[in-house]
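Every number here is computed from the coordinates shown, using simple stated rules; none is lab data. These figures come from a predicted structure and were not determined experimentally. When we count neighbours, we look across all protein chains shown, and the Cβ atoms used for this are built from the backbone with ideal geometry, even at glycine.
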Amino acid sequence: MSFVPKEIEDYCIHHSSKPSQVAQDLMNYTQTSVHGSNMLIGEMEGSVLKFLIKLGRVKSIIELGTFTGYSALIMAEALPEDGQITTIDVNPETSKIAQSYWDKSPHGKKIKQILKPGLEALATLSGEFDLFFIDADKNNYPAYLEWALGHLSPHGLIITDNTLWYGKVLEAGLDKKTDSIREHNENARLLEGYTKTLLPIRDGMFLIQRS
């Protein structure tokens, strides 16, 4: 889902930094061979993630929702050599696809994968992280946000994907997933001591940073 006309998004992509060939190959494979390829973040969102990682000098990332590993690889490419991303998912089949492409990239060594449900995986982690990318099961968005806020480094950034949810967030009571995303968005809006912006990029990117 994108709220920007395709022609405009394509123009923006054309004038933005490009993903690596491995990342492009992974995107192409996912789009042609993997069910649910609409879950890919897309090249436009990928370039925004890389820009923010570079801008914030991010070194440690937690990603909730790996899918076929495109977003993890994109973010790893923007990390310094001593950076690390821990990505969490429950699907062993798509995770195998992800690993096969990470193995082809010199940046794959920066990626650590945990194959467990999100909250269960987070319970095994401690410390502070520079960036959280929340893109997993929508019903747990408020809980993921709460955990991220408690483990965010002093200048850390939280990015939550799909926060416009096809535009359904405009109406309460549609379904459980929509209400969960609405709750996440409202919780973020009410945060004190943070700077927030909800962007209509792809299906919505909510950026949250300590002020």
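With contacts taken as Cα pairs under 8 Å and at least 6 residues apart, the range 39-86 reaches a relative contact order of 47 percent. Once Rh is set to the Kirkwood radius over Cα pairs, what Stokes-Einstein translational diffusion coefficient, in µm²/s, holds for the chain at a temperature of 10 °C and a viscosity of 1.306 mPa s? D, rounded to a whole number, is 92 µm²/s. When each of the peptides 123-131, 67-75 is scored by the mean number of other C-beta atoms lying within 10 Å of its residues, the order from highest to lowest reads 67-75, 123-131. Within a straight-line Cα-Cα reach of under 16 Å, LYS6 can be paired with the following aspartates and glutamates, leaving aside sequence neighbours fewer than 8 residues apart in one chain: GLU43, GLU45, ASP203. Considering helices alone, the calculated mean residue ellipticity of the chain at 222 nm is -12000 deg cm²/dmol, with DSSP H runs of length four and up weighted by -39500 (n - 2.57) and normalised per residue. Express in whole angstrom the spacing between the alpha-carbon centres of the range 130-148 and the range 21-62. Value for the Cα centre distance between the two parts: 18 Å. Distant-in-sequence amide contacts of PHE129, defined by a placed amide H-H separation under 5 Å and a gap of 5 or more residues or a different chain, comprise LEU152, SER153. As a length-normalised measure over Cα pairs under 8 Å and 6 or more apart, the relative contact order of the range 6-210 settles at 17 percent. Largest mean-square fluctuation among HIS184, HIS15, HIS155, in a Gaussian network model of the chain whose springs join Cα atoms under 10 Å apart, belongs to HIS15.
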